[in-house]
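Read-outs: derived from the displayed coordinates by stated rules, not from any lab. Small disclaimer: the values here were computed from a predicted structure and weren't measured. Here the Cβ positions follow ideal geometry from the backbone for every residue, glycine too, while neighbour counts run over all protein chains shown.
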Amino acid sequence: MAASQSRGPQTLDQWEARAGALDFRHLAFIDGRFVPAVSGKTFPCISPTDGRVLTHVAACEADDVDVAVASARRVFDSGAWSRMAPRGRKKILLKFAELMRRHAEELALLETLDMGKPIGDSLGVDVPGSANTIQWYAEAIDKVYDEIAPTAHNAIGLITREPVGVVGAVVPWNFPLLMTCWKLGPALATGNSVVLKPAEQSPLTALRLAELAIEAGLPAGVLNVVPGFGETAGAAIGLHMDVDALTFTGSTQVGKYFLEYSGRSNMKAVSLECGGKSPHIVMADCADLDLAATKAAWGIFYNQGEVCTAGSRLLVEEPIKEEFLEKLAKVAAGIQPGNPLDPATKMGAMVDEQQMERVLSYIETGKDDGGEVILGGQRARLNSGGFYVEPTIFDKVRPHARIAQEEIFGPVLSTLTFNGLDEAIRIGNDTIYGLAAAIWTKDIDKAMGAARALRSGLVWVNGWDEDDITMPFGGFKQSGFGRDRSLHAMEKYTQLKSTWISIR
Ligand code: NAD
């Protein structure tokens, strides 16, 4: 499709016209082709933008996972991909990234219709970020060397990394394409075969992606996509005796299931990117309160708050609280839910009705626990047929209130106050999670002290959500373990082999 080389749709009407002409891939993708589920079952794929059924998608279960894993194993053992020279894999993955860019508008549209994020974000962030991820690992793979151990002269000790084999990847719905590519980039570059289960709320981009991978030259069976529900397809991957490693992004609760699945089956290696309740700390000596307020607003309202690293707990030092909340509310009031297909929209729909109801019920819980709503708090765009929630800010939240402890995964910010760095750190660390944190201060000692003391995998100083593919991404505590992004991500898709060669 030469569409991305044209100027592309610029208005709501143009995007809607393009959406009307879309062809949805709706079958499972196994062994290089689209196939129905063995049972023949399907499930409706509903767009949260307006509640309409986009298509009916194959509902894969254990039988389908068996077929997919067998295909992945067959091609892995053949060596067609696993033993291809890294330079060969690089060429195909670069072509894959190029095809993603060539089909950027189509992928962006699928993503927006499927999970409700603004089209501007899908096109400007998710699709390019995903293509860049594949490209980055493609470019890296023929530059990574193995090791030779410092043994005595009568031996050579080789330390080599080998692909683990068949990787099961189970991903969430908040960044369907990007989370998929964070898994696929390093897993495929290192020579593995993959069986991927997208979230049932958002299967469409993964299915199209698998087709593009084949077009790029990936051998059939190296990438299989089994859409379906967690309790069936997801559990079948987790429990499969012939899946060697499992890479998961999703909730902490389901992450724990995968640890169980591994123990009950073949002890497959598990890596988990789970939930968060990230503290966004603003000290009274913050140099730029306007910038901090803007970042704090986008840190929670971007992607409708459906972000694992969302800065959902705002910790403001007492003396500046009133001033800061005023600035924050002003920014937040300008972020209102709109039609996700409108290029002017900055905040879209919640992924489905259930998630919207969950968020609205947390808002009620927050009020019952003594929190004060200072902005939003209601469902929005009622006549659209879709699922929208206003950006919502709570003040006067107690550190142990449920909305200060539990991951809401929606546009709800809890404001807490503190006095002094020690208290900020104590409150900041006081949840089961440890994914991300930030501190705003012009004092280098406070900044460094906080960066060391905050128990989270990501810390930002005077910023929020600054990121790069070169930096590892993942959490401490019940936010999981193992890292996506950077060269370190390759560690979970490879295993070390020690080969001792005696010289007589
Ligand atoms: P979820 O855990 O409900 O689902 C994630 C995936 O697991 C889906 O594909 C789902 O079908 C599958 N699943 C659900 N139940 C299962 C079961 N019993 N057995 C096997 N598989 C099962 O999470 P979600 O609601 O899709 O996504 C939101 C969560 O993802 C949030 O907690 C968020 O913080 C987290 N997340 C984390 C990161 C990160 O990198 N740390 C990134 C994005 C999202």
Hey, what's the per residue convex hull volume over the C-alpha atoms of the chain, in cubic angstrom? 153 Å³
Per-residue Cβ contact counts at 10 Å, fewest first, order 115, 100, 267 as 267, 100, 115
Before rounding to the nearest 500, sum -39500 (n - 2.57) across all DSSP H runs of length at least 4 in the chain and divide by the residue total; then give [θ] at 222 nm in deg cm²/dmol. -11000 deg cm²/dmol
Whole percent per 5 Å bin, from 0 to the bin with the longest distance: what is P(r) over all C-alpha pairs of the stretch 279-468? 1, 9, 18, 22, 21, 15, 9, 4, 2, 0, 0
Restricted to Cα positions, what overall size does the stretch 404-466 have along the principal axes? Three whole-Å values, descending. 33, 26, 18
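Which order, highest average first, do 69-75, 366-372 follow once you tally other Cβ atoms within 10 Å for each residue and take the mean per peptide?
69-75, 366-372
In this model, which of 183/256; 321/477; 321/396; 117/477; 197/477; 256/492 are farther than 22 Å apart at the alpha-carbon?
From 183/256; 321/477; 321/396; 117/477; 197/477; 256/492, over 22 Å: 321/477; 117/477; 197/477.
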Cβ under 11 Å from residue 456's Cβ, residue 456 left aside: what net charge do those residues give with Lys, Arg +1 and Asp, Glu -1? +3
Taking the beta-carbon count within 10 Å as an exposure proxy, list 499, 415, 365 from fewest neighbours to most. 499, 365, 415
Rounded to whole angstroms and listed largest first, the alpha-carbon spread of the stretch 307-403 along its three principal axes comes to 42, 27, 24
The stretch 258-320 versus the stretch 353-408: alpha-carbon centroid distance in Å: 17 Å
Hey, can you rank 485-493, 204-212 by average C-beta count inside 10 Å, highest first? 204-212, 485-493
Expected sort for 277-289, 17-29 on mean C-beta neighbours within 10 Å, highest first, is 277-289, 17-29
Counting Lys and Arg as +1 and Asp and Glu as -1 over every other residue whose Cβ sits under 14 Å from the Cβ of residue 431, the net charge comes to +4
Set of aspartates and glutamates with alpha-carbon distance to residue 367 below 16 Å, sequence-local pairs under 8 removed: 357, 390, 395, 406
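As a test of the definition: which semi-axes, in Å, follow for the stretch 248-370 when you take the square root of five times each eigenvalue of its alpha carbon gyration tensor? Largest first, please.
32, 20, 15
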Note to self: C-alpha centroids of the stretch 427-457 and the stretch 175-224 sit apart, in Å, by 35 Å
Taking 8 Å as the Cα distance limit and 6 or more residues as the minimum spacing, I'd like the relative contact order of the stretch 279-468 as a percentage. 27 percent
